[in-house]
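For reference, the structure discussed in these notes is given below.
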There are 2 protein chains.
Amino acid sequence: MTDYKPIPTEFEGESLESAWLPVPGVQSAPSVLIFPTVMGVTDLELGFGAKLNAKGYSALVGDLFGKKFHGAPRDTMFGELNRLKGDRAALRRRVIHLFETMQAQDGSESQRTAAIGFCFGGLCALDLARSGTQLDGVASFHGLFDPPGLPPEKIKPKVIAFHGWDDPMVKPDAVEALARELTDAGADWQIHAYGHVGHGFTNPNASSEIGIPGVQYNELAAKRSWANLELFLGELFGE
Amino acid sequence: MTDYKPIPTEFEGESLESAWLPVPGVQSAPSVLIFPTVMGVTDLELGFGAKLNAKGYSALVGDLFGKKFHGAPRDTMFGELNRLKGDRAALRRRVIHLFETMQAQDGSESQRTAAIGFCFGGLCALDLARSGTQLDGVASFHGLFDPPGLPPEKIKPKVIAFHGWDDPMVKPDAVEALARELTDAGADWQIHAYGHVGHGFTNPNASSEIGIPGVQYNELAAKRSWANLELFLGELFGE
């Protein structure tokens with residue numbers, strides 16, 4: 001189990017509880033917001049936070065779904081995902097709320113920030129970039145690319161997306177559409193595509209947790225994408 | 001100027017002169033074949049060879065065009081490119097000849113090998129993979145993706161392609177087609193796409209040498225792709 005500090009916040013009448021992982025022994029560090037998969041705040045995301053700590057970055061695992069859904073079963077969580085995804089303007093407010101929650105923490109450098117996300121959380125990381133928010137970078141791991149259907153803003157952070165080419169939820173057309181969208185929004189962007197890789201490739205339990213064909217861990221893609229996240233954060237924060 | 005050993009060979013009646021850059025002071029090292037741009041063996045490719053030496057890899061800059069074209073003007077070289085590209089079966093024999101030339105050098109580990117290429121040389125690196133040749137990996141930098149129109153072989157090396165999304169010579173359709181081709185051929189593949197980046201992005205003199213809109217150096221893409229080449233070679237050769 002990874003140690004963290006619970007961060008309760010209220011968002012539009014819902015009680016959220018994010019997890020704060022500052023870098024031990026330093027006053028402040030560049031900070032990375034982690035948007036979780038559809039399963040919410042789990043050991044997977046806390047583990048990613050600990051890996052970021054080891055590289056000198058503080059991390060907030062943002063509670064997208066609310067405290068009452070911690071540990072809820074898959075079908076409940078998919079219902080909540082569809083609810084949040086059904087109102088992208090509200091989702092935008094929610095991701096900004098979590099971003100500002102991170103900026104407010106002791107141990108966070110509020111002006112050196114990034115956001116990363118996994119599956120639905122990848123969409124949330126992109127939506128934070130799409131909101132016009134000022135941050136240094138966002139990274140999506142096997143994220144959904146669906147455009148928000150909101151007036152486009154200039155995208156300020158650098159964007160990187162790690163994508164399994166055989167992802168059953170994100171087809172080649174969606175990759176091209178994201179490339180066009182990011183280009184039009186003026187973003188510095190990269191998309192890294194992996195052959196013979198599906199959805200959920202960073203999650204060792206993807207197959208058993210999600211139980212959908214094409215959703216599966218891929219050790220090599222997990223390793224390659226994480227190595228590139230470290231390069232990306234190094235580029236952003238000068239380490 | 002980078003030091004190298006000239007390696008003259010004969011290929012189907014033409015005199016080639018490749019450049020061999022072994023790692024100084026070691027008996028043998030994993031070896032990387034470098035396929036040059038349309039301009040042939042130049043300081044650009046010799047410089048890449050020296051960078052590979054510094055990482056512990058020997059390098060052969062392969063002479064695709066022949067000794068008599070060393071230093072030839074752009075228009076002559078484009079004519080030669082079209083000649084070589086017009087017969088992909090002969091081009092396949094040519095890239096295999098250069099690969100075997102590298103394997104035969106003192107200081108080359110003939111069973112730990114990779115090939116990289118730039119622009120037309122990227123196509124040559126892919127064509128070496130497409131030939132069914134056994135090597136560990138190939139990397140294409142702003143390479144052409146045109147399929148060879150030859151019977152498909154199983155692709156044995158790992159493949160990575162660094163691609164500028166605004167490359168006027170390689171459109172999104174060609175990226176999708178390469179992804180399909182590599183998937184069908186069973187390759188472990190990655191494509192890294194960069195936004196707002198054109199053709200020739202690794203070459204500081206791309207714009208003045210080639211003089212075609214959309215062909216331009218991009219320092220960030222050059223840096224990102226080279227960092228990933230080093231990760232890729234580390235994955236192949238266990239460093």
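The values are calculated or read from the model by the stated rules, or taken from the named source; none is laboratory data. Bear in mind the structure is a predicted one, so any value in this text is a computation, not a measurement. Cβ: placed from backbone, ideal geometry, glycine included. Neighbour counts: every protein chain shown. Ligands, DNA and RNA are stripped out before the accessible areas are found, and what is left, the full protein with its side chains, is counted by its heavy atoms. Shrake-Rupley method; radii C 1.70, N 1.55, O 1.52, S 1.80 Å.
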### Task
Say whether the condition of being among the acidic types (Asp, Glu), in a helix (DSSP H, G or I) and either open to solvent by less than 30 Å² (accessible area, probe 1.4 Å) or modelled with pLDDT of 95 or more (or both) is met by at least one residue in the stretch A:81-91.
no
### In the stretch A:219-239, residue most open to solvent (accessible area, probe 1.4 Å) [restricted to those that are within 11 Å of another protein chain (Cβ to nearest Cβ), under 18 Å from A:Gly122 (Cα atoms) and small (Gly, Ala, Ser)]
A:Ala227
### Task
Among residues belonging to the stretch A:93-133 that are β-branched (Val, Ile, Thr), open to solvent by less than 10 Å² (accessible area, probe 1.4 Å) and not in a helix (DSSP H, G or I), point out the one that is farthest from A:Ala177 (Cα to Cα).
A:Thr113
### Query
So which residues in the stretch A:134-144 are farther than 13 Å from A:Ala187 by Cα, open to solvent by less than 10 Å² (accessible area, probe 1.4 Å) and in a loop (DSSP other than H, G, I, E, B), if there are any at all?
A:His142, A:Gly143
### Message
Condition first: in contact with a His (Cβ under 8 Å, 6 or more places away or on another chain) and on the phi > 0 side of the Ramachandran plot. Can you find one or more residues in the stretch B:65-87 that meet it?
### Response
no
#### Entry: Filtered residues of the stretch B:148-203 (kept if touching a Lys or Arg at 6+ places or on another chain (Cβ under 9 Å), open to solvent by 10 Å² or more (accessible area, probe 1.4 Å) and more than 9 Å from chain A (Cβ to nearest Cβ))
B:Pro148, B:Gly149, B:Leu150, B:Pro152, B:Glu153, B:Glu181, B:Ala185
#### Entry: Residue list for the stretch A:25-45, filter: open to solvent by 10 Å² or more (accessible area, probe 1.4 Å) and within 16 Å of A:Met102 (Cα to Cα)
A:Gln27, A:Ser28, A:Val41
### Message
I'm trying to understand the selection: among the residues of the stretch A:3-37, which are at pLDDT below 95 and either out of contact with any strand residue (DSSP E or B) (no Cβ under 7 Å at 6 or more places or on another chain) or under 19 Å from A:Leu123 (Cα atoms) (or both)?
### Response
A:Asp3, A:Pro24, A:Gly25, A:Val26, A:Gln27
### Message
Would you confirm, using the coordinates I've provided, whether A:Glu209 is more than 14 Å from chain B (Cβ to nearest Cβ), touching a residue at least 60 places away in the same chain (Cβ under 8 Å), outside any loop (DSSP other than H, G, I, E, B) and open to solvent by 50 Å² or more (accessible area, probe 1.4 Å)?
### Response
yes
### Message
Cβ contacts < 8 Å: first residue closer than 14 Å to B:Lys51 by Cα, restricted to the stretch B:214-227; second residue among the charged types (D, E, K, R) and open to solvent by 20 Å² or more (accessible area, probe 1.4 Å), any location; separation 6+ or different chain. Result?
### Response
B:Trp226/B:Lys51
### Message
Out of the strands (runs of 3 or more DSSP E) lying entirely within the stretch A:1-71, which hold 3 or more residues that are hydrophobic (A, V, I, L, M, F, W, C)?
### Response
A:14-21, A:29-35, A:58-61
### Task
Determine the pairs where a residue that is at positive phi, located within the stretch B:52-64, has a partner that is open to solvent by less than 10 Å² (accessible area, probe 1.4 Å) and part of a loop (DSSP other than H, G, I, E, B) with Cβ atoms under 9 Å apart, the partner being 6 or more residues away or on another chain.
none
